[in-house]
Amino acid sequence: MSIGQVILPVLHNLEQVSSDEHVGSLAENLLEALKENEKVSAKVRAVFTEMSALLHAAVTFGIVVVTCLYCVFVVIMPHLNSYTNIKDRSHAEREK
């Protein structure tokens, strides 16, 4: 693994950092300067594409998880509770 494979994703993430030390701006400026070299520019674009795909996958995964939780707690659980109540009542009636 080359240093560029490690540093470029880190710099890309640092671009999003807001601080009094202007870390995000410095990372962005460094990436822009690195893009002046053709080989490095292609690697920077590749990292941006990969990070964008990862972000999209993470968002998609998050949507799937939220949808599943919604189904469990809003759709399924009320039916389970009513089924449990019916079962408990019928059991109680049989014991009388």
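The values are calculated or read from the model by the stated rules, or taken from the named source; none is laboratory data. A quick note: this is a predicted structure, and the numbers were derived from the prediction, not measured. Don't worry about glycine lacking a Cβ; one is built from the backbone with ideal geometry, like all the others, and counts go over all protein chains shown.
What the table shows:
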item: Count of residues meeting criterion [surrounded by 11 or more Cβ atoms within 10 Å (Cβ to Cβ) and among the aromatic types (Phe, Trp, Tyr)] in the range 44-67; result: 1
item: Tally of residues being among the β-branched types (Val, Ile, Thr) and farther than 19 Å from Leu55 by Cβ across the range 8-43; result: 2
item: Helices (runs of 4 or more DSSP H) completely within the chain that count 1 or more residues being at pLDDT 85 or above; result: 3-14, 23-34, 38-70
